[in-house]
Amino acid sequence: MYVDAGLAAVHEVTRLEIHAGLAEILETLREYLGTADASKKPYKLGVLLPNWRGYFKKEVLRGIEDAGTLLRDYSIEVIVQTCETDLPDEAVERIDELVAQHVDGIALCAKDHSSIAEKVNVLHAQGIPVVTFNSDLSGCERLCFVGQDLIRGGRVAGELMAKYLSPDDILLIAIGNPEFNAHRLRLQGFCERIYERGFTGRNLEIIETYNDYSLTYQKVRDALERHPDIRGIYMANHSVSGCAEALRDIGRRCKVHVISHDLTDATKRLLKTGEIDFAIAQNIYQQGYRPLILLREYLQKHICPEMETAPIEILCSENIGG
């Protein structure tokens, strides 16, 4: 009787272990099938771009197109909207147009404005995730940000400039649009670092060029005519070639230290000719590509992304490649 009872107890334990193992296998199988079903469900992802042209648009669209090609295999359609102005109301209208097309998630680069942030919060409440890229939004429930550590990028530029100039030298800073988080944070980081290196506000002049070539040219030229002893220019905007042309026309070519962002074809050329000292690069292609991949992983695989920041790459005439 003792042996029979012991065997019965062993058999019962074995039976329970088998049942537990089968339950675990079935749960894993259900999760797998659920993921497989989710990957077959058709989704739509929207992208909202600012009204920027040139290098930014070319590279970000290249990333979006490559992501869209990949995502077609997962039954995902990508819809792109591009703003014609910098007006926040237009950005909100474009977002509403994407929502009207029943998008399941949105990747956007937009002005850091309260009305856009409020719209992102509404989308969050509706279950539509938003990933920001290149320029982040403050005060909203966006899923994550894909881009460069903008303050750090500005600080690196400030450190480079401080190695060329003394605190008594006059320095010109050109930004695109301070209402964009990216431009404002670059400026913040740059000023933080040069102040730490002993510079003061009285020797700084800041101009806003809105990434316009003609406006950049005119404002840089005007500043150089007012202050012929300017020794450094920090270009935190996209129109670096306008700055270089102003320096040529006023006879200061290669006599003023220039530090810029982003490795465009024009920037490469100006680095090679010595008209720009350094460029701080960021991978704009990835800023078009990665937000869509992250949204797909969030929607179909339930993976919550973390903020992705691109490495800060300092480029000069010796390491820009061909």
Members of the stretch 241-265 found to be in a helix (DSSP H, G or I) and either open to solvent by 10 Å² or more (accessible area, probe 1.4 Å) or farther than 17 Å from residue 211 by Cβ (or both), listed by number
241, 245, 247, 248, 249, 265
As an exercise: evaluate residue 174 against (1) more than 30 Å from residue 140 (Cα to Cα); (2) aliphatic (A, V, I, L, M); (3) crowded, with 21+ Cβ neighbours inside 10 Å and give the number of the one condition it does not meet.
(1)
Does at least one position in the stretch 98-111 carry a residue that is modelled with pLDDT of 95 or more, surrounded by fewer than 22 Cβ atoms within 10 Å (Cβ to Cβ) and within 22 Å of residue 208 (Cβ to Cβ)?
no
Give the residues of the stretch 38-69 that are over 28 Å from residue 267 (Cβ atoms), in contact with a strand residue (DSSP E or B) (Cβ under 9 Å, 6 or more places away or on another chain) and in contact (Cβ under 8 Å) with a residue 60 or more places away in the chain, sorted by residue number.
43, 44, 45, 46
Working only within the stretch 207-238, note down all residues that are open to solvent by less than 10 Å² (accessible area, probe 1.4 Å) and either more than 21 Å from residue 282 (Cβ to Cβ) or at pLDDT below 95 (or both).
209, 220, 223, 224, 230, 232, 236, 237
Only one of 169, 149 that is touching a strand residue (DSSP E or B) at 6+ places or on another chain (Cβ under 7 Å), acidic (Asp, Glu) and surrounded by fewer than 17 Cβ atoms within 10 Å (Cβ to Cβ):
169
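The values are calculated or read from the model by the stated rules, or taken from the named source; none is laboratory data. Only a predicted model underlies this, so the values are computations on that prediction, with no experimental measurement involved. So basically every Cβ, Gly included, is an ideal-geometry build from the backbone, and we count neighbours across all protein chains shown. Each accessible area value is taken on the protein alone, full model and side chains, heavy atoms only, with ligands, DNA and RNA left out. Shrake-Rupley method; radii C 1.70, N 1.55, O 1.52, S 1.80 Å.
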